[in-house]
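*Asks:* I'd like to ask you about the structure that follows.
Read-outs: derived from the displayed coordinates by stated rules, not from any lab. In this text the structure is predicted, and so the values were computed from the model without any measurement. Neighbour counts run over all protein chains shown; Cβ positions are idealised from the backbone, glycine included.
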Amino acid sequence: MKSEMSQETSGIGADKVALSVTASDVRLGMQASALTQAVLDHLHYSVGRLPSVASPHDYYRALALAIRDRMEYRWINTTQTYFDLNRKVACYLSAEFLMGPHLGNNLVNLHIEQEARNALATLGHDLDDILACEKEPGLGNGGLGRLAACYLDSLATLQCPAVGYGIRYEFGIFEQEIRDGWQTEITDKWLRRGNPWEIAKPDTFYYVNWGGHTEHYQDEVGCQRVRWIPDRMVKGVAYDTPIQGYGVNTCNTLRLWSAEAVESFDFQAFNVGDYYQAVNEKLVSETVTKVLYPNDEPASGKRLRLAQQYFFVTCSLQDMLHLLELAHAPVETFAERFAVQLNDTHPSIGVAELMRLLVDERRFDWDAAWAITVASFGYTNHTLLPEALETWPLPMFAELLPRHLEIIYEINRRFLDEVRTRFPDDEARVARMSLIGEEGDKRVRMAHLATVGSHAINGVAALHTELLQASILKDFHELWPERFSNKTNGVTPRRFLALSNPGLRELLDHTLGQQWLTEPGLLRKLDAHADKDAFQHDWYAIKLGNKQRLSSYIHAQTGIEIDPGWLFDIQVKRIHEYKRQHLNILHIVTMYRRLKENPALVLPPRAFIFGGKAAPGYFMAKRIIKLINAVAETINADPDVNTRMKVAFIPNFNVQNAHLIYPAADLSEQISTAGKEASGTGNMKFMLNGALTIGTLDGANVEIREEVGADNFFLFGLSAAEVESVKRTGYRPHDYVAGNDELRAVLELIGAGHFSQGDAEVFRPLVDNLTHDDPFLVLADYAAYIACQEQVNSAWQDVPNWTRMSILNTARSGKFSSDRAITEYCEDIWNIRPVTVKA
Ligand SMILES: *Cc1c(COP(=O)(O)O)cnc(C)c1O
């Protein structure tokens with residue numbers, strides 16, 4: 001009590017800054033003085049706290065609300081401009097948006113980072129401490145969700161009319177804690193302290209039905225029609241988040257749907273007046289958007305997941321139809337007004353749902369509805385891994401979405417007729433292409449539904465698109481080659497360089513001018529500086545500073561101390577066998593053994609840094625995390641080796657700590673089995689920040705190597721074609737063990753419990769997997785990986801040349817801007833042009 005009184009008039013200067021600021025400045029002003037007053041106002045009126053007792057989190061909320069104010073008129077203006085001009089809008093449907101913290105990014109995009117920093121300094125706070133208070137919306141698992149977020153940033157920056165549609169999960173991706181070396185999952189209560197970035201739109205909602213049955217009837221004019229009589233219903237309510245473009249007035253919308261119970265809908269409970277049962281129904285309804293499903297587990301038949309997909313897709317399509325109505329535009333023009341992109345198969349039920357909305361509810365005839373549907377949808381494939389392809393058991397599908405199953409059968413009937421016409425007497429092909437899989441239990445194949453229902457189908461890197469056309473969608477490519485194209489992924493240089501690597505940003509601004517942020521081709525001009533001593537010196541100093549920053553973070557999180565002068569070798573991404581974190585560990589254990597056997601060995605000191613979550617039910621991935629931590633514990637505590645190597649696992653890899661991680665890397669580990677990583681985007685973030693890559697010819701690594709030049713990339717391992725050929729002739733891991741004493745010794749060390757206090761059980765399943773039936777061919781690439789790491793060691797010892805290569809990586813990363821990717825989607829798939837939003 002006492003401190004409240006005394007601090008109210010203490011040196012925070014509230015009385016001094018306020019004087020010259022007008023009322024409109026407080027909402028809109030971009031100067032530090034206006035921001036200071038705005039923060040104080042929000043502390044008072046929105047947060048309800050005296051500045052003197054306000055916590056850093058209170059300041060975070062106040063600043064966030066002040067920044068939101070500054071976006072709001074741009075946002076309303078943007079929506080109004082699209083509406084007035086009747087412009088075609090890209091609707092990006094994604095079950096995941098891994099947005100990361102909003103505040104810092106919005107400051108960058110509005111060009112007011114420095115002003116905000118000054119404003120907070122006036123109030124006695126450091127902007128970085130305040131930014132660290134934001135709890136990021138973790139509404140995604142990894143790359144796919146982050147891609148959606150990068151694309152929203154680029155769409156707004158390129159001034160493209162666009163809406164992101166998704167799910168407002170109450171609990172996003174779990175938080176990972178490491179206990180005794182094992183991953184434990186903690187519920188992500190990201191909304192606990194409110195979310196200043198979203199605006200609830202309780203009046204924008206749509207009904208979503210489930211279950212029940214269908215009835216066939218004749219309408220007034222004698223047409224056969226179908227009625228769906230569902231037995232459950234929920235409401236999807238809109239929550240909007242503004243997405244500010246960089247350096248433009250465009251501020252687009254991310255619209256996330258949240259499930260709510262429909263009051264007094266429950267038929268039985270309503271009739272018998274069972275109040276408690278009705279309340280129970282309410283709870284059940286609201287579970288639809290309760291939690292994000294982790295991926296990287298076999299996409300088995302999770303009912304609630306299908307319910308989630310249908311829920312957000314129907315809300316989004318109904319919203320589009322509603323917007324058409326508001327614009328007095330006929331439904332026939334749907335495909336001229338909306339380009340609907342399916343981010344993987346998760347929203348692919350949309351194909352059947354748009355047909356239902358048009359045929360059953362708007363009484364379109366089938367062919368007209370189908371023409372609109374195919375012209376509207378585009379499908380982005382993200383994986384070739386068979387276990388990740390979504391299929392739904394027929395009985396479950398029929399129970400939840402009986403009408404959609406009928407529609408899918410009708411789509412299939414007509415489609416297979418077309419196949420039979422094009423390829424007569426080829427029933428094997430017909431079976432392969434069917435929307436219904438008949439091997440084992442009958443299942444709906446969502447990738448086939450998405451492909452048949454879309455005018456454009458794309459992969460996410462050149463190699464991936466080739467493999468897609470040659471493997472899982474080969475028959476479809478033969479039927480419709482013109483529908484296929486490649487759209488190599490990209491990342492936003494605003495978040496992943498300007499925001500997260502301010503030191504490098506300053507150097508680039510100074511060297512190139514600020515346009516590189518929207519014209520990343522300009523980064524090529526760094527080529528001319530790559531050999532200059534002074535420039536290399538600045539470059540090295542910035543990297544060292546970033547490594548210092550990460551080292552402090554790692555120390556705070558894990559207690560592990562890492563010398564910032566060491567080589568930072570980093571692998572951060574979801575933990576998965578195909579990404580082969582265990583191959584990385586085999587290299588670490590190899591180096592450990594060499595040092596133990598030969599203490600005089602000259603090895604440049606290296607920090608091996610990992611991060612990433614494993615799906616909670618993924619046995620092997622969780623064991624890989626345990627192995628990393630076990631090896632870390634042994635090595636870090638051993639004075640024979642810990643002056644030359646250390647290992648750290650950063651807990652809870654997310655976008656927020658990614659900001660610290662990518663800029664600190666010297667070496668980027670991109671070591672997936674060739675053919676398995678569709679694209680990767682982590683690889684691009686590392687490159688942009690001047691890391692060199694050690695990698696296989698997989699996903700976008702191929703294009704990264706093309707851009708940066710083979711001399712500036714550490715390539716190893718089997719190609720995708722070689723992987724397939726090894727598998728065809730039979731992979732025999734024992735041959736690799738038998739032919740390599742060092743590999744055998746490394747596996748024995750792990751298996752015998754050297755890193756687990758003699759416990760020979762804990763890593764046995766991992767070693768057995770590697771030596772018996774590993775579909776990802778870890779041992780086949782072991783020797784090549786070790787040899788390539790030796791090249792890394794020699795290269796690292798030549799500091800000027802390493803720095804030169806680091807500069808060249810950033811210089812040649814322009815292709816991997818999400819602006820380039822979005823421009824290609826706009827031109828080749830969506831037919832969408834930029835619109836200038838006036839101030
Ligand atoms: C970029 C990113 C990913 C994707 O990383 P990959 O290496 O491409 O698998 C996953 N998670 C987060 C938090 C990211 O920022």
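*Asks:* Do the alpha carbons of any pairs in LYS189/LYS626; LYS88/LYS282; LYS442/LYS626; LYS487/LYS573; LYS487/LYS613; LYS282/LYS302 sit beyond 32 Å of each other, and which pairs?
*Replies:* Long pairs (Cα-Cα over 32 Å): LYS88/LYS282; LYS442/LYS626.
*Asks:* Hey, with R₀ at 35 Å, roughly what FRET efficiency would HIS537 and ASP129 work out to, going by the Cβ-Cβ distance, to 0.05?
*Replies:* 0.70
*Asks:* Which percent, to the nearest 5, of DSSP beta bridges fully inside the chain are antiparallel?
*Replies:* Rounded to the nearest five, the antiparallel share is 45 percent.
*Asks:* Let me ask another. If you bin the C-alpha pair distances of the stretch 61-197 every 10 Å from 0, what whole percents do you get?
*Replies:* 10, 33, 35, 17, 4, 1
*Asks:* Another question, if that's okay. Report the equivalent ellipsoid semi-axes for the stretch 638-797 in whole Å, largest first, defined as the square roots of five times the eigenvalues of the gyration tensor built from alpha carbon atoms.
*Replies:* They are 27, 23, 16 Å, listed from largest to smallest.
*Asks:* Roughly speaking, what is the centre-to-centre gap between the stretch 567-625 and the stretch 387-422 when only Cα atoms are used, to the nearest Å?
*Replies:* Each part's Cα centre sits 43 Å from the other's.
*Asks:* For the chain, what does the helix formula give at 222 nm: sum of -39500 (n - 2.57) over DSSP H segments with n ≥ 4, over the residue count, nearest 500 deg cm²/dmol?
*Replies:* -14000 deg cm²/dmol
*Asks:* Okay, moving on. Apply the Debye scattering formula to the stretch 709-839, with a single equal point scatterer on each alpha-carbon and no solvent, then give log10 I(q)/I(0) at q = 0.09, 0.10, 0.11, 0.19 Å⁻¹.
*Replies:* Listed by q, the Debye log ratios stand at -0.52, -0.61, -0.70, -1.08.
*Asks:* Shifting gears a bit: Which FRET efficiency, nearest 0.05, do SER485 and ARG432 yield, Cβ-Cβ r, R0 25 Å?
*Replies:* 0.65
*Asks:* First measure r as the distance between the Cβ atoms of LEU85 and ASP231, then evaluate 1/(1 + (r/R0)^6) with R0 = 41 Å and state the FRET efficiency to the nearest 0.05.
*Replies:* 0.45
*Asks:* Please report the base-10 log of the normalised intensity I(q)/I(0) for the stretch 566-658, using a Debye sum with one equal scatterer per alpha carbon and no solvent, at each q in 0.10, 0.18, 0.21, 0.25 (1/Å).
*Replies:* -0.26, -0.79, -1.01, -1.30
*Asks:* If amide H atoms are built 1.01 Å from N in the plane of the peptide, which residues on other chains or at least 5 residues away come under 5 Å of the amide H of ASP426?
*Replies:* HN-HN under 5 Å from ASP426: empty list.
*Asks:* What is the distance in Å between the Cα centroid of the stretch 781-807 and that of the stretch 190-226?
*Replies:* What the calculation gives is 56 Å, centre to centre.
*Asks:* Suppose we look only past 34 Å in the calculated P(r) of the chain. What percent of the Cα-Cα pairs does that tail hold?
*Replies:* Result: 54 percent of Cα pairs exceed 34 Å.
*Asks:* Extension gain ASP425-LEU603, at 0.36 nm per residue separation less the Cα-Cα distance, in nm?
*Replies:* Result for the pair: 57.6 nm of gain on full extension.
*Asks:* For the chain, what relative contact order do you get, as a whole percent, if you take Cα pairs closer than 8 Å and at least 6 residues apart?
*Replies:* So the answer I get is 13 percent.
*Asks:* What's the local net charge at ARG574, with K and R +1, D and E -1, over the other residues with C-beta under 10 Å away?
*Replies:* +2
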